[in-house]
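The values are calculated or read from the model by the stated rules, or taken from the named source; none is laboratory data. Note that the structure is predicted; figures quoted are calculated from it, not measured. Note: ideal-geometry Cβ built from the backbone for every residue, glycine included; neighbour counts use all protein chains shown.
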Amino acid sequence: MRGFSAAVLVAALFVGGCAGPDESATSRVSDEPLVPVADVHPGIRFDIRYATADNFTGERLYASDACLLRASVADRLARVQDRLAAEGLGLLVFDGYRPLSVQRKMWELVPDPRYVAPPDRGSRHNRGAAVDVTLVDAAGRRLEMPTDHDDFTEAAHRDYAGATPTATANRDKLRAAMEAEGFEGIGTEWWHFDAVNWREYDVVGK
């Protein structure tokens, strides 16, 4: 894992023109840095959709495809990867830390708190404490899930009963692996998981 100074440099590249942390916000401040997940576990794969136009907005939102998380959250994700690797599986990450400026753009398009957190309070992604993931096999091929990433329909809900048996089993396997290492899901997105202690972190950026 890289040191704090390297992580800060990567974060600056990632957010582009976004401002740094708001030092006036002192509640729940953590000195835990954002770190590149790729440095924490080389086996984790990435498909950072918001660094491309292949996302629900139709435009590139991130200046870099580096995936950042708080250091301890990245460590938890590494343990999930190790757990899955024992079964010949692995993780593919769609999103991690998200600048608040991007959250505002998303809210303008989808002002629905079931799927996009209101930017006035910030999302768990804006804290570096949430990750969007799916499962892949040993060759990196995505396993069948009920929907693609960022599907705003009931089929993406965690308790959706209309998926194929294979997709349902894969969704449940992902959930079990994530929960075993200290993550919790949300009801409307099978791919989204928060670190259970996400409230300890402040929103990063403006």
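Pull up the stretch 123-144, narrow it to residues that are within 13 Å of Asp194 (Cβ to Cβ) and among the small types (Gly, Ala, Ser), then point me to the one that is surrounded by the most Cβ atoms within 10 Å (Cβ to Cβ). Before you say what the answer is, go through the steps one by one.
Quick first cut of the stretch 123-144, residues within 13 Å of Asp194 (Cβ to Cβ) only: 123-133.
Restricting the remaining residues to those that are among the small types (Gly, Ala, Ser) gives 123, 128-130.
Numbers: Ser123: 23, Gly128: 29, Ala129: 27, Ala130: 26.
Among residues in the stretch 123-144 that are within 13 Å of Asp194 (Cβ to Cβ) and among the small types (Gly, Ala, Ser), the one surrounded by the most Cβ atoms within 10 Å (Cβ to Cβ) is Gly128.
Being over 21 Å from Val35 (Cβ atoms) and within 16 Å of the chain's Cα centre (by Cα) is the requirement here; does Tyr201 meet it?
Working: over 21 Å from Val35 (Cβ atoms): no; within 16 Å of the chain's Cα centre (by Cα): yes.
In short, no.
Does the stretch 175-206 hold any residues that are assigned to a helix (DSSP H, G or I) and either touching a residue at least 24 places away in the same chain (Cβ under 8 Å) or not aliphatic (A, V, I, L, M) (or both), and which are they? Break it down stepwise before answering.
Pass one, the stretch 175-206, residues assigned to a helix (DSSP H, G or I): 175-180, 198-200.
Correct list: Arg175, Ala177, Met178, Glu179, Ala180, Trp198, Arg199, Glu200.
Please find, among Arg79, Arg28, Arg60, Arg83, the residue that is at pLDDT below 50 and of a type outside the set (Phe, Trp, Tyr). Steps first, please.
Numbers: Arg79 fails: at pLDDT below 50; Arg60 fails: at pLDDT below 50; Arg83 fails: at pLDDT below 50.
Of Arg79, Arg28, Arg60, Arg83, the one residue that is at pLDDT below 50 and of a type outside the set (Phe, Trp, Tyr) is Arg28.
Which ones in the stretch 37-76 are in a loop (DSSP other than H, G, I, E, B), surrounded by fewer than 16 Cβ atoms within 10 Å (Cβ to Cβ) and either touching a residue at least 24 places away in the same chain (Cβ under 8 Å) or not charged (D, E, K, R) (or both)? So that I can check it myself, show each step before the final result.
The initial filter retains those residues of the stretch 37-76 that are in a loop (DSSP other than H, G, I, E, B), namely 41-44, 47-48, 52-67.
If we keep only those that are surrounded by fewer than 16 Cβ atoms within 10 Å (Cβ to Cβ) as well, we get 42-43, 52-54, 58-60, 63, 65.
Answer for the stretch 37-76, where residues must be in a loop (DSSP other than H, G, I, E, B), surrounded by fewer than 16 Cβ atoms within 10 Å (Cβ to Cβ) and either touching a residue at least 24 places away in the same chain (Cβ under 8 Å) or not charged (D, E, K, R) (or both): Pro42, Gly43, Thr52, Ala53, Gly58, Ala63.
Return yes or no: is Gly128 of a type outside the set (Asp, Glu), more than 14 Å from the chain's Cα centre (by Cα) and at positive phi?
no
More than 20 Å from Arg70 (Cβ to Cβ) and either under 15 Å from the mean Cα position of the chain (by Cα) or part of a loop (DSSP other than H, G, I, E, B) (or both): which single residue out of Asp172, Asp120 fits that description? Reasoning before the result, please.
Values: Asp172 fails: either under 15 Å from the mean Cα position of the chain (by Cα) or part of a loop (DSSP other than H, G, I, E, B) (or both).
Of the residues listed, the single one that is more than 20 Å from Arg70 (Cβ to Cβ) and either under 15 Å from the mean Cα position of the chain (by Cα) or part of a loop (DSSP other than H, G, I, E, B) (or both) is Asp120.
Considering the stretch 86-113 alone, what residues qualify as being in contact with a strand residue (DSSP E or B) (Cβ under 9 Å, 6 or more places away or on another chain) and surrounded by fewer than 19 Cβ atoms within 10 Å (Cβ to Cβ)?
At the first step, the residues of the stretch 86-113 found to be in contact with a strand residue (DSSP E or B) (Cβ under 9 Å, 6 or more places away or on another chain) are 88-98.
Answer for the stretch 86-113, where residues must be in contact with a strand residue (DSSP E or B) (Cβ under 9 Å, 6 or more places away or on another chain) and surrounded by fewer than 19 Cβ atoms within 10 Å (Cβ to Cβ): Gly88, Leu89.
Which condition from (1) over 23 Å from Gly182 (Cα atoms); (2) crowded, with 21+ Cβ neighbours inside 10 Å; (3) of a type outside the set (S, T, N, Q) is the one that Pro118 breaks?
It fails just one condition, (2).
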